[in-house]
Structure formats: C-alpha cells, structure tokens
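To keep things clear, I will list the structure first and then write my remarks on it.
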Amino acid sequence: MGGPGATGEEISGMTLEHYPGMTEKALQTIDTEAQARWPLEATLIIHRYGRLEPGDQIVFVAAASGHREAAFEACHFLIDWLKTKAPFWKLEDSSSGGQWVDARDSDDAAAARWVHAGNKSSEAAE
C-alpha cells in the first residue's frame, strides 16, 4: 500500500472488510489444513481488518515445528491460502475515490501449488 493500486493511481489507504464468524471459520479451516500437512507444534494467524494506512502491516503468520523446512513451508502455505481462501474484501482509496480490488491471477497460481502438494516435510523428517 502506498504505491500504485489496481487502477495505477497512488493508494492513500485501504479498507479490509469481512464477515465475522465466516472469516474466523475460514481462518480455522486454513490453520487446520496446515496442521494436517506438516508436523507443527503451533501456528498463529493474525489478519487485520478495517481502515489501514500506507505502511501498515496487514497479516502475520507463524509456524513452530521441530523441522525448520516444515515451518517455512507451512508459513508459505498459510499466506498463499489466506490470499485466496480467506473472505476479505479490499477497497483501495486514491484521489479518484475507492476501487474494489479483484483477486490476482498470481495469487491463484501461488495457491494452486498446494492443491495437490504432498506432505514432503513430514516425509523427509521420518
């Protein structure tokens, strides 16, 4: 945020909207999927919503595992799936007004790599 947005104009801020209950359920489903794929001891997902200013942090994910590769892969998975499966809607503000942001093909492509991905980390750890 703060750079060019969906319309190419400078972004002055963004509002992230969500439906409480629906969003929490989706985040739990994403977290449960990560727990099933990798040998994780703990995970944490924090996703902000509401009005955000340029430079504000939006999302934080963490994964703890006895195997660093499992933790790294789980974090990549969590971010990729949050971008495509968590029900957040982004409204970018610029000098010409607000513009709803469509999903990016690059986000879909990043998430697609996990659709049929095996659990390589836990297999390597065994």
| request: Give the number of residues within segment 51-89 that are at pLDDT 95 or above and among the basic types (Lys, Arg). | output: 2
| said: Given the criteria at pLDDT below 95 and under 17 Å from the mean Cα position of the chain (by Cα), does Tyr19 qualify? | reply: yes
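Suppose we filter Ala26, Ala36 for residues that are modelled with pLDDT of 95 or more, surrounded by 12 or more Cβ atoms within 10 Å (Cβ to Cβ) and not polar (S, T, N, Q); which single one remains?
Within the list Ala26, Ala36, the selection yields Ala26.
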| Residues satisfying the stated conditions in segment 101-126, i.e. of a type in the set (Asp, Glu), at pLDDT 85 or above and assigned to a helix (DSSP H, G or I) | Asp105, Asp107, Asp108
| request: Search segment 97-113 for residues that are surrounded by 12 or more Cβ atoms within 10 Å (Cβ to Cβ) and pair each with any residue that is among the basic types (Lys, Arg) and not in a loop (DSSP other than H, G, I, E, B) when their beta-carbon atoms are under 6 Å apart and the residues are at least 6 apart or on different chains. | output: Val101/Lys90; Asp107/Lys83
| field | strands (runs of 3 or more DSSP E) (entirely within segment 1-82) containing at least 3 residues that are within 21 Å of Trp114 (Cβ to Cβ) and acidic (Asp, Glu) | value | none
| query | Taking segment 53-74, which residues are of a type outside the set (Gly, Ala, Ser) and either surrounded by 19 or more Cβ atoms within 10 Å (Cβ to Cβ) or without any contact (Cβ under 8 Å) to a residue 12 or more places away in the chain (or both)? | reply | Gln57, Val61, Arg68, Phe72, Glu73
| query | How many residues does segment 11-23 contain that are buried (at least 16 other Cβ atoms within 10 Å of the Cβ) and out of contact with any Leu (no Cβ under 7 Å at 6 or more places or on another chain)? | reply | 3
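The values are calculated or read from the model by the stated rules, or taken from the named source; none is laboratory data. Since we're looking at a predicted model, the values are computed, not measured. Don't worry about glycine lacking a Cβ; one is built from the backbone with ideal geometry, like all the others, and counts go over all protein chains shown.
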